[in-house]
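Everything on this sheet refers to the single structure shown next.
The values are calculated or read from the model by the stated rules, or taken from the named source; none is laboratory data. Model, not experiment: these values are computed from the prediction. Using ideal geometry, Cβ is built from the backbone for each residue, glycine included, and neighbour counts are taken over all protein chains shown. For accessibility, only protein heavy atoms count, side chains too; no ligands or nucleic acids. Shrake-Rupley method; radii C 1.70, N 1.55, O 1.52, S 1.80 Å.
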Amino acid sequence: MFVLGLTGSIGMGKSTTSAFFRAAGIPVHDADAAVHKLYAGAAVAPIEAAFPGVTVDGRVDRARLGAVVLKDAEALKRLEAIIHPLVGGAEKAFRDAARARGHTMVVLDIPLLLETGGERRVDAVAVVSAPPGIQRDRVMARPGMTADKLEAILARQMPDAEKRRRAHFVIESGFGLDAARRQVSDLIRALSGSRRS
């Protein structure tokens with residue numbers, strides 16, 4: 001089973017690209033979605049213990065947690081030490097289920113794939129990229145986003161140029177949805193002969 005790691009910085013169109021893979025019948029494991037589930041389940045108690053006051057009604061309040069960890073590298077490391085093993089367990093269950101169903105290719109949608117060394121867990125890396133102006137416009141259009149928040153997020157992410165350099169494939173999302181969809185279709189065809197057990 002071929003495992004493709006899909007990544008890209010904030011505002012690059014990774015979620016849309018991920019949806020194109022799903023629409024083509026390729027199973028996708030969304031690391032962000034896994035975290036959302038954990039924030040309402042298994043991660044609540046250990047996160048509240050590490051960061052008192054960040055849970056509300058039995059769920060992690062992302063805004064409260066973000067206010068604590070976004071600009072504090074040590075706090076972020078403590079959070080990652082809680083979350084990463086739980087997300088890893090969800091990813092393993094996804095891989096096992098896909099293999100059992102006979103899929104020959106899966107996608108791991110992981111925002112910080114390269115920043116966390118996740119490329120060692122995949123057979124190839126695809127980076128979704130767009131010009132900086134398009135990226136900024138997309139992100140600043142999000143509710144509650146500010147220039148300061150964007151800068152703090154970008155400071156945690158590997159520069160796009162470095163991601164492109166380290167990728168096996170680059171999906172350009174700045175030319176519209178149809179162009180990006182075609183690139184995904186071309187990539188699936190190119191990888192359709194690849195197999196790994």
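Values computed for the structure shown
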read-out: Ala19 being part of a helix (DSSP H, G or I), within 25 Å of Asp137 (Cβ to Cβ) and modelled with pLDDT of 95 or more; value: yes
read-out: Any hit, the stretch 153-170, residues being in contact with a helix residue (DSSP H, G or I) (Cβ under 9 Å, 6 or more places away or on another chain), of a type in the set (Lys, Arg) and closer than 26 Å to Gly88 by Cβ; value: yes
read-out: Qualifying residue in the stretch 57-64 (condition: in a loop (DSSP other than H, G, I, E, B), open to solvent by 70 Å² or more (accessible area, probe 1.4 Å) and either over 22 Å from Glu151 (Cα atoms) or not polar (S, T, N, Q) (or both)); value: yes
read-out: Close pairs (7 angstrom Cβ cut-off, 6 or more residues apart or separate chains): aliphatic (A, V, I, L, M) in the stretch 66-79, in a loop (DSSP other than H, G, I, E, B) anywhere; value: Val68/Phe51; Val68/Val54
read-out: Residues of the stretch 65-84 classified as of a type in the set (Asp, Glu) and in a loop (DSSP other than H, G, I, E, B), total; value: 1
read-out: Neighbours by Cβ (under 8 Å, 6+ apart or cross-chain): first from the stretch 110-125, closer than 19 Å to Pro159 by Cα; second among the basic types (Lys, Arg); value: Pro111/Lys14; Leu112/Arg156; Leu114/Lys163; Leu114/Arg166; Glu115/Arg156; Glu119/Arg166; Val125/Arg166
read-out: Subset tally (residues that are surrounded by 13 or more Cβ atoms within 10 Å (Cβ to Cβ) and free of Cβ contacts under 8 Å to residues at least 60 places away in the same chain) for the stretch 23-39; value: 7
read-out: From the options Val87, Val125, residue that is modelled with pLDDT of 95 or more and either on the phi < 0 side of the Ramachandran plot or buried (at least 18 other Cβ atoms within 10 Å of the Cβ) (or both); value: Val125
read-out: Subset of the stretch 14-73 [of a type in the set (Val, Ile, Thr), under 30 Å from Met1 (Cβ atoms) and out of contact with any Lys or Arg (no Cβ under 6 Å at 6 or more places or on another chain)]; value: Thr16, Thr17, Ile26, Val35
read-out: Of the criteria (1) in contact with a strand residue (DSSP E or B) (Cβ under 7 Å, 6 or more places away or on another chain); (2) open to solvent by 20 Å² or more (accessible area, probe 1.4 Å), which one Met1 fails; value: (2)
read-out: Scope the stretch 40-56; condition surrounded by 14 or more Cβ atoms within 10 Å (Cβ to Cβ), in a loop (DSSP other than H, G, I, E, B) and in contact with a strand residue (DSSP E or B) (Cβ under 7 Å, 6 or more places away or on another chain); matching residues; value: Ala43, Val54
